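What follows is a single structure, written as C-alpha coordinates, with notes after it.
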Amino acid sequence: MNVLLVNPYIIDFTAYDLWLRPLGLLYIAGVIKKYSNASLYWLDALDRFQENAFPEGDPEGTQKNLDKKNGTGKYFRTPIERPSIFRNIPRTYSRYGIPLESFNEKLDKLPQIDVILVTSLMTYWIDGVRFTIETLRERFPNAKFILGGILPTLVSHTPLKNMLNVDYFVSGYGELKILDIMENLGEKVLPHPQLIELNPDSLPYPAYEFLYNQNYLPLLTSRGCPFHCTYCASDLVNPRFIERSAQSVYQEIEYMHSHFRTSHFIVFDDAFLVNKQKRFLKVFKQVREQFDVSFYTPNGLHAAEIDQETAQLLYNCRFKMLRLSFESTASDILSRSSHKVNVKQMIQAVDNLEKAGYNRNEIDVYLLFGLPGQSVAQIEAALDFIKNLGVNPHLSLFSPVPGTKEFNLLQETGVLSDPVNLYQTNKIYFLYSKSGLNGQEIKQLKDRSSLLLSPNH
Ligand code: SF4
(Lines give C-alpha, C1' and ligand atoms only; values in the text may rest on other atoms or scores of the structure.)
Protein backbone atom coordinates (compact mmCIF):
# COMPACT_ATOMS: atom_id res chain seq x y z
CA MET A 1 0.00 0.00 0.00
CA ASN A 2 1.30 3.46 -0.92
CA VAL A 3 0.44 6.08 1.71
CA LEU A 4 0.92 9.80 1.19
CA LEU A 5 1.10 12.06 4.25
CA VAL A 6 0.23 15.67 3.57
CA ASN A 7 0.62 18.93 5.45
CA PRO A 8 -1.80 21.24 3.62
CA TYR A 9 -1.56 24.87 2.49
CA ILE A 10 -2.71 27.66 4.79
CA ILE A 11 -5.27 30.13 3.42
CA ASP A 12 -5.63 33.15 5.67
CA PHE A 13 -4.90 36.86 6.11
CA THR A 14 -1.63 36.11 7.81
CA ALA A 15 0.73 33.20 8.44
CA TYR A 16 4.33 33.06 9.61
CA ASP A 17 6.56 30.06 10.05
CA LEU A 18 7.21 30.15 13.79
CA TRP A 19 8.72 26.65 13.55
CA LEU A 20 5.31 25.36 12.49
CA ARG A 21 5.89 21.64 12.00
CA PRO A 22 3.19 18.95 11.54
CA LEU A 23 4.23 17.07 14.65
CA GLY A 24 1.02 14.99 14.88
CA LEU A 25 1.50 13.79 11.30
CA LEU A 26 5.15 12.98 12.00
CA TYR A 27 4.06 10.84 14.96
CA ILE A 28 1.53 9.04 12.74
CA ALA A 29 4.24 8.46 10.11
CA GLY A 30 6.48 6.97 12.81
CA VAL A 31 3.72 4.55 13.83
CA ILE A 32 2.85 3.46 10.27
CA LYS A 33 6.55 2.97 9.53
CA LYS A 34 7.01 0.72 12.54
CA TYR A 35 3.79 -1.29 12.41
CA SER A 36 3.14 -1.85 8.70
CA ASN A 37 4.95 -2.50 5.43
CA ALA A 38 3.25 0.41 3.69
CA SER A 39 5.45 2.65 1.55
CA LEU A 40 5.33 6.19 2.89
CA TYR A 41 5.49 9.41 0.86
CA TRP A 42 5.56 12.90 2.29
CA LEU A 43 4.30 16.19 0.90
CA ASP A 44 4.52 19.33 3.03
CA ALA A 45 3.11 22.44 1.35
CA LEU A 46 4.59 24.53 4.17
CA ASP A 47 8.18 23.29 4.42
CA ARG A 48 10.19 26.39 3.44
CA PHE A 49 13.44 24.43 3.34
CA GLN A 50 12.57 22.08 0.46
CA GLU A 51 13.68 22.65 -3.11
CA ASN A 52 11.54 25.18 -5.03
CA ALA A 53 9.68 26.35 -1.91
CA PHE A 54 9.98 29.85 -3.35
CA PRO A 55 9.87 30.98 -6.99
CA GLU A 56 13.24 31.49 -8.61
CA GLY A 57 14.76 34.83 -7.61
CA ASP A 58 12.54 35.32 -4.55
CA PRO A 59 14.90 36.78 -1.87
CA GLU A 60 13.10 34.85 0.91
CA GLY A 61 14.24 31.61 -0.71
CA THR A 62 17.98 32.32 -0.56
CA GLN A 63 20.03 30.26 1.87
CA LYS A 64 21.07 33.45 3.63
CA ASN A 65 17.47 34.38 4.38
CA LEU A 66 16.48 30.85 5.28
CA ASP A 67 19.31 30.74 7.82
CA LYS A 68 18.22 34.02 9.42
CA LYS A 69 15.84 34.34 12.36
CA ASN A 70 16.61 31.05 14.07
CA GLY A 71 14.77 28.85 11.60
CA THR A 72 11.62 31.00 11.50
CA GLY A 73 10.55 33.10 8.51
CA LYS A 74 8.02 34.08 5.90
CA TYR A 75 6.18 31.66 3.66
CA PHE A 76 5.77 32.27 -0.02
CA ARG A 77 2.27 33.60 -0.50
CA THR A 78 -0.13 33.88 -3.40
CA PRO A 79 -2.92 36.45 -2.97
CA ILE A 80 -6.33 34.95 -3.75
CA GLU A 81 -9.94 36.05 -3.85
CA ARG A 82 -11.59 36.23 -0.44
CA PRO A 83 -14.95 34.77 0.57
CA SER A 84 -17.70 37.43 0.76
CA ILE A 85 -17.85 37.26 4.59
CA PHE A 86 -14.35 38.80 4.63
CA ARG A 87 -15.07 41.64 2.21
CA ASN A 88 -14.60 44.40 4.84
CA ILE A 89 -11.40 43.06 6.41
CA PRO A 90 -8.55 45.46 5.54
CA ARG A 91 -6.00 42.73 4.82
CA THR A 92 -4.94 40.62 1.83
CA TYR A 93 -6.22 37.05 1.75
CA SER A 94 -3.57 34.61 0.54
CA ARG A 95 -2.57 31.03 0.06
CA TYR A 96 0.62 30.41 2.07
CA GLY A 97 3.01 27.66 1.10
CA ILE A 98 5.13 26.51 -1.80
CA PRO A 99 4.20 27.71 -5.32
CA LEU A 100 1.49 25.56 -6.87
CA GLU A 101 3.86 24.59 -9.74
CA SER A 102 6.28 23.11 -7.16
CA PHE A 103 3.43 21.25 -5.48
CA ASN A 104 2.33 19.81 -8.84
CA GLU A 105 5.89 18.87 -9.78
CA LYS A 106 6.17 16.92 -6.54
CA LEU A 107 2.89 15.16 -7.34
CA ASP A 108 4.27 14.24 -10.80
CA LYS A 109 7.07 12.32 -9.13
CA LEU A 110 4.79 10.18 -6.95
CA PRO A 111 3.69 6.64 -7.85
CA GLN A 112 0.03 5.60 -7.69
CA ILE A 113 -1.20 6.42 -4.17
CA ASP A 114 -3.74 4.31 -2.25
CA VAL A 115 -4.27 6.30 0.93
CA ILE A 116 -3.81 10.02 1.58
CA LEU A 117 -3.59 11.29 5.15
CA VAL A 118 -4.09 15.03 5.51
CA THR A 119 -3.58 16.87 8.78
CA SER A 120 -5.17 20.13 9.91
CA LEU A 121 -4.46 22.81 12.48
CA MET A 122 -6.63 25.95 12.88
CA THR A 123 -10.35 25.46 12.27
CA TYR A 124 -10.39 28.61 10.11
CA TRP A 125 -7.74 27.18 7.80
CA ILE A 126 -10.48 25.06 6.23
CA ASP A 127 -9.96 26.71 2.82
CA GLY A 128 -6.32 25.61 2.73
CA VAL A 129 -7.32 22.05 3.64
CA ARG A 130 -10.08 22.03 1.01
CA PHE A 131 -7.81 23.44 -1.70
CA THR A 132 -5.11 20.86 -0.93
CA ILE A 133 -7.58 17.95 -0.91
CA GLU A 134 -9.21 19.07 -4.17
CA THR A 135 -5.81 19.36 -5.86
CA LEU A 136 -4.87 15.88 -4.65
CA ARG A 137 -8.27 14.41 -5.62
CA GLU A 138 -7.72 15.43 -9.24
CA ARG A 139 -4.48 13.48 -9.31
CA PHE A 140 -5.54 10.51 -7.26
CA PRO A 141 -9.31 10.10 -7.77
CA ASN A 142 -9.33 6.53 -6.44
CA ALA A 143 -7.28 7.12 -3.30
CA LYS A 144 -8.93 6.98 0.12
CA PHE A 145 -8.66 10.32 1.92
CA ILE A 146 -8.33 10.52 5.71
CA LEU A 147 -8.45 13.87 7.52
CA GLY A 148 -7.00 14.11 11.02
CA GLY A 149 -5.75 16.84 13.30
CA ILE A 150 -7.56 19.71 14.97
CA LEU A 151 -10.36 20.26 12.45
CA PRO A 152 -12.17 16.91 12.81
CA THR A 153 -11.31 16.87 16.52
CA LEU A 154 -13.11 20.14 17.27
CA VAL A 155 -15.78 20.31 14.57
CA SER A 156 -18.57 17.78 14.25
CA HIS A 157 -18.20 15.57 11.19
CA THR A 158 -21.66 16.07 9.70
CA PRO A 159 -21.05 19.68 8.58
CA LEU A 160 -17.43 18.84 7.67
CA LYS A 161 -18.66 16.17 5.25
CA ASN A 162 -20.43 18.88 3.26
CA MET A 163 -17.28 20.98 3.14
CA LEU A 164 -14.59 18.39 2.41
CA ASN A 165 -14.44 15.46 0.02
CA VAL A 166 -12.94 13.01 2.52
CA ASP A 167 -13.58 9.31 3.18
CA TYR A 168 -12.62 9.16 6.86
CA PHE A 169 -12.36 11.68 9.66
CA VAL A 170 -10.10 10.91 12.61
CA SER A 171 -10.79 12.82 15.83
CA GLY A 172 -8.32 13.08 18.69
CA TYR A 173 -5.17 11.01 18.83
CA GLY A 174 -4.82 9.18 15.53
CA GLU A 175 -2.04 6.66 16.02
CA LEU A 176 -4.27 3.62 16.70
CA LYS A 177 -7.21 4.76 14.56
CA ILE A 178 -5.02 5.10 11.47
CA LEU A 179 -3.70 1.56 11.90
CA ASP A 180 -7.31 0.30 12.20
CA ILE A 181 -8.37 2.11 9.01
CA MET A 182 -5.34 0.81 7.12
CA GLU A 183 -6.14 -2.72 8.25
CA ASN A 184 -9.75 -2.30 7.05
CA LEU A 185 -8.39 -1.14 3.71
CA GLY A 186 -6.42 -4.36 3.34
CA GLU A 187 -2.98 -3.48 4.70
CA LYS A 188 -1.34 -6.05 6.97
CA VAL A 189 -0.68 -4.31 10.28
CA LEU A 190 1.75 -5.81 12.79
CA PRO A 191 0.49 -6.53 16.30
CA HIS A 192 0.92 -3.48 18.51
CA PRO A 193 -0.33 -4.26 22.03
CA GLN A 194 2.39 -2.06 23.51
CA LEU A 195 1.09 1.02 21.68
CA ILE A 196 -0.99 3.11 24.09
CA GLU A 197 -2.02 6.55 22.86
CA LEU A 198 -2.39 7.86 26.39
CA ASN A 199 1.21 6.88 27.05
CA PRO A 200 3.37 8.89 24.63
CA ASP A 201 6.45 6.96 25.83
CA SER A 202 5.03 3.92 24.03
CA LEU A 203 5.00 5.69 20.66
CA PRO A 204 7.84 5.41 18.16
CA TYR A 205 9.72 8.64 17.55
CA PRO A 206 8.15 10.99 14.99
CA ALA A 207 9.50 10.41 11.46
CA TYR A 208 11.72 13.50 11.53
CA GLU A 209 13.58 12.30 8.44
CA PHE A 210 10.74 13.78 6.34
CA LEU A 211 11.61 17.33 7.42
CA TYR A 212 14.06 19.19 5.21
CA ASN A 213 15.63 21.24 8.00
CA GLN A 214 16.67 18.83 10.72
CA ASN A 215 18.75 21.41 12.53
CA TYR A 216 15.53 22.73 14.13
CA LEU A 217 13.28 19.88 15.28
CA PRO A 218 10.10 19.87 17.36
CA LEU A 219 9.98 18.24 20.78
CA LEU A 220 7.00 17.33 22.96
CA THR A 221 7.55 16.41 26.60
CA SER A 222 3.84 16.31 27.51
CA ARG A 223 0.42 16.43 25.88
CA GLY A 224 -2.28 18.84 27.03
CA CYS A 225 -2.48 21.13 30.02
CA PRO A 226 -3.96 20.84 33.53
CA PHE A 227 -5.52 24.33 33.29
CA HIS A 228 -8.87 25.06 31.67
CA CYS A 229 -8.79 28.57 30.24
CA THR A 230 -12.17 29.49 28.77
CA TYR A 231 -10.76 30.34 25.32
CA CYS A 232 -8.36 27.43 24.92
CA ALA A 233 -8.97 24.04 23.30
CA SER A 234 -6.04 22.23 24.88
CA ASP A 235 -8.33 20.12 27.08
CA LEU A 236 -10.62 19.33 24.12
CA VAL A 237 -7.73 18.05 22.02
CA ASN A 238 -6.07 16.28 24.96
CA PRO A 239 -8.60 14.80 27.39
CA ARG A 240 -5.90 14.46 30.06
CA PHE A 241 -2.61 16.16 30.85
CA ILE A 242 -0.13 13.41 29.98
CA GLU A 243 3.55 13.67 30.80
CA ARG A 244 6.38 11.69 29.28
CA SER A 245 9.02 10.22 31.53
CA ALA A 246 12.17 12.29 31.97
CA GLN A 247 14.23 9.38 30.72
CA SER A 248 12.30 9.07 27.47
CA VAL A 249 12.52 12.83 26.77
CA TYR A 250 16.26 12.82 27.41
CA GLN A 251 16.76 9.78 25.15
CA GLU A 252 14.84 11.46 22.35
CA ILE A 253 16.99 14.60 22.58
CA GLU A 254 20.07 12.38 22.50
CA TYR A 255 18.70 10.50 19.48
CA MET A 256 17.83 13.66 17.53
CA HIS A 257 21.21 15.19 18.31
CA SER A 258 23.22 12.15 17.27
CA HIS A 259 21.05 10.94 14.38
CA PHE A 260 20.07 14.23 12.72
CA ARG A 261 22.77 16.50 14.21
CA THR A 262 19.98 18.68 15.57
CA SER A 263 21.24 21.63 17.55
CA HIS A 264 17.97 23.56 18.06
CA PHE A 265 14.89 22.07 19.67
CA ILE A 266 11.44 23.63 19.54
CA VAL A 267 9.39 22.68 22.59
CA PHE A 268 5.70 22.56 21.63
CA ASP A 269 4.25 21.66 25.04
CA ASP A 270 1.23 23.56 26.30
CA ALA A 271 2.42 23.22 29.90
CA PHE A 272 6.16 22.62 29.68
CA LEU A 273 7.09 23.80 33.19
CA VAL A 274 4.11 22.32 35.02
CA ASN A 275 5.31 19.56 37.42
CA LYS A 276 8.82 20.74 36.65
CA GLN A 277 10.40 18.42 39.22
CA LYS A 278 9.26 15.41 37.22
CA ARG A 279 10.38 16.46 33.74
CA PHE A 280 11.96 19.85 33.18
CA LEU A 281 14.42 19.91 36.10
CA LYS A 282 15.40 16.26 35.69
CA VAL A 283 15.85 16.34 31.91
CA PHE A 284 17.57 19.68 31.60
CA LYS A 285 20.07 19.25 34.42
CA GLN A 286 21.32 16.33 32.35
CA VAL A 287 21.06 18.22 29.06
CA ARG A 288 23.12 21.11 30.48
CA GLU A 289 25.99 18.75 31.21
CA GLN A 290 25.88 16.77 27.95
CA PHE A 291 24.86 18.94 25.01
CA ASP A 292 25.76 22.24 23.42
CA VAL A 293 22.32 22.91 21.91
CA SER A 294 19.53 25.49 22.26
CA PHE A 295 15.78 25.45 22.84
CA TYR A 296 12.77 27.62 21.94
CA THR A 297 9.29 27.72 23.46
CA PRO A 298 6.83 29.35 21.02
CA ASN A 299 3.75 28.27 23.02
CA GLY A 300 4.55 30.42 26.03
CA LEU A 301 5.83 29.38 29.44
CA HIS A 302 3.85 29.45 32.68
CA ALA A 303 5.48 32.39 34.44
CA ALA A 304 4.32 31.25 37.90
CA GLU A 305 6.67 28.25 37.58
CA ILE A 306 9.79 30.35 36.94
CA ASP A 307 11.55 30.40 40.28
CA GLN A 308 15.27 31.14 40.54
CA GLU A 309 16.36 27.54 39.96
CA THR A 310 14.14 27.20 36.87
CA ALA A 311 15.26 30.55 35.46
CA GLN A 312 18.90 29.57 35.88
CA LEU A 313 18.40 26.22 34.18
CA LEU A 314 16.53 27.85 31.29
CA TYR A 315 19.45 30.22 30.84
CA ASN A 316 22.17 27.60 31.20
CA CYS A 317 20.41 25.30 28.70
CA ARG A 318 20.15 28.15 26.18
CA PHE A 319 16.44 28.60 26.04
CA LYS A 320 16.20 31.52 23.62
CA MET A 321 13.55 34.03 22.52
CA LEU A 322 11.62 33.31 25.72
CA ARG A 323 7.87 33.77 25.55
CA LEU A 324 5.82 33.95 28.73
CA SER A 325 2.03 33.71 28.93
CA PHE A 326 0.50 36.56 30.88
CA GLU A 327 -2.71 37.59 29.06
CA SER A 328 -3.88 40.63 31.08
CA THR A 329 -3.85 42.62 34.30
CA ALA A 330 -7.69 42.62 34.46
CA SER A 331 -9.10 40.34 37.15
CA ASP A 332 -11.96 39.12 34.95
CA ILE A 333 -9.53 38.02 32.23
CA LEU A 334 -7.12 36.47 34.73
CA SER A 335 -10.03 34.39 35.97
CA ARG A 336 -10.94 33.31 32.42
CA SER A 337 -7.22 32.39 32.14
CA SER A 338 -7.54 29.96 35.11
CA HIS A 339 -5.54 32.37 37.36
CA LYS A 340 -2.46 30.65 35.97
CA VAL A 341 -0.36 33.72 36.76
CA ASN A 342 -0.85 37.00 38.61
CA VAL A 343 0.91 40.35 38.44
CA LYS A 344 3.18 39.59 41.40
CA GLN A 345 4.26 36.23 39.96
CA MET A 346 4.93 37.84 36.60
CA ILE A 347 7.20 40.49 38.15
CA GLN A 348 9.01 37.80 40.12
CA ALA A 349 9.48 35.58 37.05
CA VAL A 350 11.04 38.40 35.04
CA ASP A 351 13.29 39.35 38.00
CA ASN A 352 14.43 35.72 38.28
CA LEU A 353 15.16 35.52 34.55
CA GLU A 354 17.17 38.73 34.71
CA LYS A 355 19.20 37.48 37.68
CA ALA A 356 19.85 34.26 35.74
CA GLY A 357 21.44 36.23 32.88
CA TYR A 358 18.67 37.20 30.44
CA ASN A 359 18.22 40.78 29.29
CA ARG A 360 14.64 41.97 29.73
CA ASN A 361 14.50 42.90 26.06
CA GLU A 362 15.04 39.22 25.17
CA ILE A 363 11.75 38.27 26.86
CA ASP A 364 8.39 38.33 25.05
CA VAL A 365 5.09 38.30 26.89
CA TYR A 366 1.79 37.18 25.37
CA LEU A 367 -1.19 39.47 26.00
CA LEU A 368 -4.71 38.59 24.94
CA PHE A 369 -6.18 40.92 22.35
CA GLY A 370 -9.82 41.02 21.26
CA LEU A 371 -11.32 38.71 23.91
CA PRO A 372 -15.10 39.33 24.03
CA GLY A 373 -15.83 42.09 26.53
CA GLN A 374 -12.19 43.20 26.78
CA SER A 375 -12.04 47.00 26.83
CA VAL A 376 -9.48 49.34 25.29
CA ALA A 377 -8.59 50.50 28.83
CA GLN A 378 -7.84 46.91 29.89
CA ILE A 379 -5.51 46.36 26.95
CA GLU A 380 -3.81 49.71 27.60
CA ALA A 381 -3.33 48.81 31.26
CA ALA A 382 -1.70 45.50 30.27
CA LEU A 383 0.60 47.32 27.83
CA ASP A 384 1.55 49.84 30.56
CA PHE A 385 2.41 46.97 32.86
CA ILE A 386 4.61 45.40 30.19
CA LYS A 387 6.29 48.75 29.56
CA ASN A 388 7.19 49.09 33.25
CA LEU A 389 8.46 45.53 33.26
CA GLY A 390 10.80 46.34 30.32
CA VAL A 391 9.87 43.25 28.30
CA ASN A 392 8.34 42.91 24.81
CA PRO A 393 4.55 42.69 24.42
CA HIS A 394 3.20 40.19 21.95
CA LEU A 395 -0.48 40.68 21.19
CA SER A 396 -2.12 37.30 20.90
CA LEU A 397 -5.36 37.59 18.93
CA PHE A 398 -8.39 35.85 20.37
CA SER A 399 -10.00 33.28 18.11
CA PRO A 400 -13.30 31.63 19.10
CA VAL A 401 -12.30 27.97 18.98
CA PRO A 402 -15.27 25.61 18.52
CA GLY A 403 -16.15 23.74 21.69
CA THR A 404 -14.51 26.17 24.13
CA LYS A 405 -16.54 28.00 26.78
CA GLU A 406 -16.01 31.35 25.04
CA PHE A 407 -17.17 29.94 21.72
CA ASN A 408 -20.27 28.33 23.23
CA LEU A 409 -21.22 31.57 24.97
CA LEU A 410 -20.78 33.55 21.74
CA GLN A 411 -23.07 31.09 19.96
CA GLU A 412 -25.67 31.17 22.74
CA THR A 413 -25.75 34.97 22.68
CA GLY A 414 -26.07 35.06 18.89
CA VAL A 415 -22.68 36.71 18.23
CA LEU A 416 -21.61 33.64 16.26
CA SER A 417 -23.91 31.64 14.04
CA ASP A 418 -25.27 28.22 14.92
CA PRO A 419 -24.47 25.85 13.21
CA VAL A 420 -20.89 26.97 13.15
CA ASN A 421 -19.51 29.07 10.30
CA LEU A 422 -15.77 28.30 10.40
CA TYR A 423 -14.87 31.61 8.77
CA GLN A 424 -16.21 33.30 11.89
CA THR A 425 -13.55 31.53 13.96
CA ASN A 426 -10.81 33.41 12.07
CA LYS A 427 -8.92 35.61 14.55
CA ILE A 428 -8.57 38.57 12.14
CA TYR A 429 -12.25 38.40 11.19
CA PHE A 430 -13.26 38.19 14.85
CA LEU A 431 -11.03 41.11 15.83
CA TYR A 432 -12.38 43.43 13.14
CA SER A 433 -16.00 42.27 13.08
CA LYS A 434 -16.99 40.85 16.44
CA SER A 435 -14.59 41.90 19.21
CA GLY A 436 -16.31 45.24 19.83
CA LEU A 437 -13.09 47.16 19.02
CA ASN A 438 -13.25 49.50 16.02
CA GLY A 439 -10.60 49.82 13.30
CA GLN A 440 -9.08 52.95 14.81
CA GLU A 441 -8.83 51.44 18.30
CA ILE A 442 -7.22 48.30 16.87
CA LYS A 443 -4.64 50.38 15.01
CA GLN A 444 -3.84 52.55 18.03
CA LEU A 445 -3.39 49.55 20.31
CA LYS A 446 -1.20 47.73 17.78
CA ASP A 447 0.93 50.85 17.25
CA ARG A 448 1.28 51.31 20.99
CA SER A 449 2.36 47.69 21.36
CA SER A 450 4.90 48.00 18.50
CA LEU A 451 6.47 51.06 20.16
CA LEU A 452 7.29 48.93 23.21
CA LEU A 453 9.26 46.36 21.23
CA SER A 454 13.03 46.42 21.70
CA PRO A 455 14.88 47.80 18.63
CA ASN A 456 16.43 44.48 17.59
CA HIS A 457 13.09 42.66 17.86
S1 SF4 B 1 -2.70 27.54 30.46
FE2 SF4 B 1 -2.40 27.82 28.25
S3 SF4 B 1 -2.50 25.79 27.35
FE4 SF4 B 1 -3.34 25.65 29.41
S5 SF4 B 1 -5.54 25.90 29.16
FE6 SF4 B 1 -4.70 27.94 29.58
S7 SF4 B 1 -4.24 28.84 27.56
FE8 SF4 B 1 -4.55 26.62 27.28
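Here are some notes:
- From R95, R82, R130, residue being basic (K, R) and in a loop (DSSP other than H, G, I, E, B): R82
- Taking the listed residues E406, E380, the one that is more than 20 Å from L301 (Cβ to Cβ), over 26 Å from the mean Cα position of the chain (by Cα) and among the acidic types (D, E) is E380, with no other qualifying.
- Looking only at the range 47-69, residues that are outside any loop (DSSP other than H, G, I, E, B) and surrounded by 15 or more Cβ atoms within 10 Å (Cβ to Cβ) come to 4 in all.
- Yes/no for D351 being touching a Lys or Arg at 6+ places or on another chain (Cβ under 7 Å), in the same structural domain as K446 (by TED's automatic domain parsing) and of a type outside the set (A, V, I, L, M): no
- The residue pairs whose first member lies in the range 289-312 and is under 12 Å from R323 (Cα atoms), whose second member is of a type in the set (S, T, Y) and within 16 Å of the ligand (Cβ to nearest atom), and whose beta carbons are closer than 7 Å, counting only pairs six or more residues apart or on different chains, are G300/S325; G300/Y366; L301/S325; H302/S325; A303/S325.
- One residue stands out among those in the range 199-225 that are more than 14 Å from the ligand (Cβ to nearest atom) and hydrophobic (A, V, I, L, M, F, W, C): the one that is modelled with the lowest pLDDT, which is L203.
- Remark: P372 falls outside the filter, which requires a residue to be surrounded by 15 or more Cβ atoms within 10 Å (Cβ to Cβ), in a loop (DSSP other than H, G, I, E, B) and modelled with pLDDT of 95 or more.
- Taking the range 304-339 as the range and being within 11 Å of the ligand (Cβ to nearest atom), surrounded by 21 or more Cβ atoms within 10 Å (Cβ to Cβ) and closer than 16 Å to D269 by Cβ as the test, only S325 passes.
- Residue satisfying all of: in the range 167-198; surrounded by fewer than 13 Cβ atoms within 10 Å (Cβ to Cβ) and assigned to a loop (DSSP other than H, G, I, E, B); modelled with the lowest pLDDT among these: L198
- Condition check for K282 on (1) surrounded by fewer than 22 Cβ atoms within 10 Å (Cβ to Cβ); (2) within 19 Å of L18 (Cβ to Cβ); (3) of a type outside the set (S, T, N, Q): one failure, at (2).
- If the condition is being of a type in the set (D, E, K, R) and in contact (Cβ under 8 Å) with a residue 40 or more places away in the chain, then the range 347-399 contributes K355, E362, D364, E380, K387.
- Which numbered condition G73 fails, given (1) exposed (fewer than 12 other Cβ atoms within 10 Å of the Cβ); (2) in contact (Cβ under 8 Å) with a residue 24 or more places away in the chain; (3) not hydrophobic (A, V, I, L, M, F, W, C): (1)
- Residue count for the range 363-377 under the criterion of being within 25 Å of the chain's Cα centre (by Cα) and β-branched (V, I, T): the result is 2.
- Just one residue in the set R77, R91, R48, R82 is more than 20 Å from M182 (Cα to Cα) and in contact with an Asp or Glu (Cβ under 7 Å, 6 or more places away or on another chain); that residue is R48.
- Among residues of the range 226-247 being more than 13 Å from the ligand (Cβ to nearest atom) and touching a Ser or Thr at 6+ places or on another chain (Cβ under 9 Å), the one that is farthest from L334 (Cα to Cα) is A246.
- The range 375-385, residues that are surrounded by fewer than 23 Cβ atoms within 10 Å (Cβ to Cβ) and within 23 Å of F430 (Cβ to Cβ): S375, V376, A377, Q378, E380, A381, L383
- Test: residue in the range 342-350 that is within 14 Å of the ligand (Cβ to nearest atom) and surrounded by fewer than 19 Cβ atoms within 10 Å (Cβ to Cβ): yes
- Counted residues, the range 266-285 - those being in a helix (DSSP H, G or I) and farther than 20 Å from P218 by Cβ: 3
- Selected residue [among the polar types (S, T, N, Q) and modelled with pLDDT of 95 or more] from N342, N352: N352
The values are calculated or read from the model by the stated rules, or taken from the named source; none is laboratory data. What you are looking at is a predicted structure, and each value in this text was computed from that prediction instead of being measured. Please note: Cβ atoms are built from the backbone with ideal geometry, for glycine as well, and neighbour counts cover all protein chains shown.
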